[in-house]
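The values are calculated or read from the model by the stated rules, or taken from the named source; none is laboratory data. Just so we're clear, the structure is a prediction, and the values are computed from it rather than from any experiment. Note that we place each Cβ from the backbone using ideal geometry, even for glycine, and neighbour counts take in every protein chain shown. Side chains included, ligands, DNA and RNA excluded: accessible areas come from the protein's heavy atoms. Shrake-Rupley method; radii C 1.70, N 1.55, O 1.52, S 1.80 Å.
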Amino acid sequence: MAFNKDEMTAPSWMNRGFFEKVLRHSERNGALAVEEFRILPGTKPGDHFASVIFRAIVRHSASDQEVSLIVKTLPAEEGLKMDILKDGYVFETETLMYTVIVPAMQRLLQSVGDHTVLGARLLYHEKLPIWVMVFEDITKHGYGMKVKQLDLEESKVVFGKVARWHAASMYLVDTMPEMKSLTKGVYNLFEQNHQFLQMWQNSIGILSQIVKDMPGLEQYSERIANVKETIFKRASAIYTYDPTSYVHVLNHGDCHFKNMMFKRTEEGKLEDIMLLDFQLSVWGTPAIDLIYAMYNSVSIDTREAHRDELISFYHEELTASLTKFGYLRKLPTLLEIHLELLKCGHLGTHRSKEGGESSSLLRMANVFTCLLSTEFLLASTFVPFMCVDVSEVMDIPENADGFEVDFGDVEKMMEGFRRCFLTPVYVDFIKKNLPKFARKGLIDLE
């Protein structure tokens with residue numbers, strides 16, 4: 001099995017003293033001594049981006065059993081990943097989520113008899129001398145990754161868990177205003193880093209080129225190329241708080257299937273799905289999570305056959321949880337959820353100079369003229385990579401040698417991207433959906 005290059009060698013500070021500090025804290029045992037440990041790469045290529053992850057197997061004096069830990073930290077090497085993460089915002093966010101917000105949401109759910117588990121247990125964290133977080137290794141509880149997107153059963157578990165997460169945030173926000181301080185989402189990373197933005201703009205450029213060779217789609221090539229500069233600005237606007245949105249929640253923010261782990265019974269029945277990576281959680285419209293998950297978690301076939309069913313199921317779970325909590329404000333309607341999905345935050349919503357909402361007629365017109373531009377963006381950037389295992393499109397060594405996408409070698413990287421766009425599953429998807437996007441005006445942004 002191949003591993004990420006930056007996870008092949010652990011940093012020098014990840015030593016016996018570090019693991020003693022972690023376990024003395026988590027086990028509340030100041031006399032605990034680490035007897036031996038070994039450190040392994042934590043993930044496969046393509047499983048994640050915004051961190052470096054190791055798995056540590058530790059034997060200590062307080063137990064006869066080895067303990068397995070997941071250690072998440074910043075990259076040590078210069079490069080795109082370090083540039084994006086060095087300001088610490090994503091680790092600040094995740095620390096707040098795991099230490100304050102998620103435990104509060106968990107307690108609220110348990111208070112009404114709902115034993116949904118929202119996240120893995122954080123055992124230890126520190127900021128200096130370097131950001132690091134240590135989690136329990138939930139593979140020891142039977143959880144594992146998936147290599148393909150989700151079927152209907154799996155999707156319902158995810159949308160149900162997201163609904164309970166959203167509901168808990170709606171109920172708690174008045175007493176936890178720090179939720180509203182989380183304002184940076186995934187597309188804000190694009191804006192802040194030119195190399196990262198250029199990479200995804202080039203991705204849209206690839207789509208504009210390959211459709212030239214697809215009968216019936218040639219007409220869209222130039223139109224796709226023309227939006228690659230502006231569509232990211234439209235998408236990043238979704239993450240700006242909009243008081244005119246019908247519903248506001250704390251979004252997970254990066255709800256794709258590689259940020260989930262799956263547990264099944266011995267008979268193969270799905271038992272639970274654990275959400276991971278709370279680095280990009282953001283306060284705003286629930287459309288952030290719903291659209292993102294619809295494209296980056298749910299399989300193409302499931303989405304096309306059951307999209308409305310999943311949204312309806314989400315709404316039922318959301319309102320049922322709010323009712324259990326004793327939420328005193330107006331419950332969101334299914335229509336309002338659909339309007340948020342159409343509006344995608346405040347993309348295209350006009351306000352008067354005084355800051356008030358424009359007329360309802362103009363508002364509704366803008367809802368539909370800006371219809372789901374985020375969906376086209378996801379379809380032309382993330383979806384090609386979610387359809388396949390990275391080993392199918394990139395030359396990854398079969399042995400355990402470290403693999404890393406060389407962001408400096410743009411030509412080689414774009415060739416790997418091109419392979420993703422040309423996989424049969426994505427070609428079939430784009431042939432069916434590009435004309436639909438065009439008819440909705442999603443590739444003609446002004």
Residue in the stretch 205-220 that is under 22 Å from the mean Cα position of the chain (by Cα), part of a loop (DSSP other than H, G, I, E, B) and assigned by the TED database to the domain that holds LYS343 present: no
Matching residues, the stretch 1-52, being open to solvent by 50 Å² or more (accessible area, probe 1.4 Å) and either in contact with a helix residue (DSSP H, G or I) (Cβ under 6 Å, 6 or more places away or on another chain) or modelled with pLDDT under 90 (or both): MET1, LYS5, MET8, THR9, GLY30, PHE37, LYS44, PHE49
Scope the stretch 291-319; condition buried (at least 24 other Cβ atoms within 10 Å of the Cβ) and of a type in the set (A, V, I, L, M); matching residues: ALA293, VAL298, LEU318
Per-region count, the stretch 146-180, residues out of contact with any helix residue (DSSP H, G or I) (no Cβ under 7 Å at 6 or more places or on another chain) and of a type outside the set (D, E, K, R): 4
Filter result (closer than 30 Å to LEU434 by Cβ, open to solvent by 20 Å² or more (accessible area, probe 1.4 Å) and outside any loop (DSSP other than H, G, I, E, B)) within the stretch 227-282: LYS233, ARG234, ALA237, LYS258
GLU178 of a type in the set (Asp, Glu), closer than 30 Å to ARG55 by Cβ and either open to solvent by less than 40 Å² (accessible area, probe 1.4 Å) or not assigned by the TED database to the domain that holds ALA56 (or both): no
The stretch 120-170, residues that are touching a Pro at 6+ places or on another chain (Cβ under 9 Å) and not hydrophobic (A, V, I, L, M, F, W, C): HIS166
Tabulated pairs, the stretch 228-244, first not assigned by the TED database to the domain that holds GLN201, second in a helix (DSSP H, G or I) and open to solvent by less than 20 Å² (accessible area, probe 1.4 Å), C-beta under 6 angstrom, 6+ apart or interchain: none
Any helices (runs of 4 or more DSSP H) falling wholly within the stretch 53-165 and containing at least 2 residues that are open to solvent by less than 50 Å² (accessible area, probe 1.4 Å) and touching a strand residue (DSSP E or B) at 6+ places or on another chain (Cβ under 8 Å): 89-96
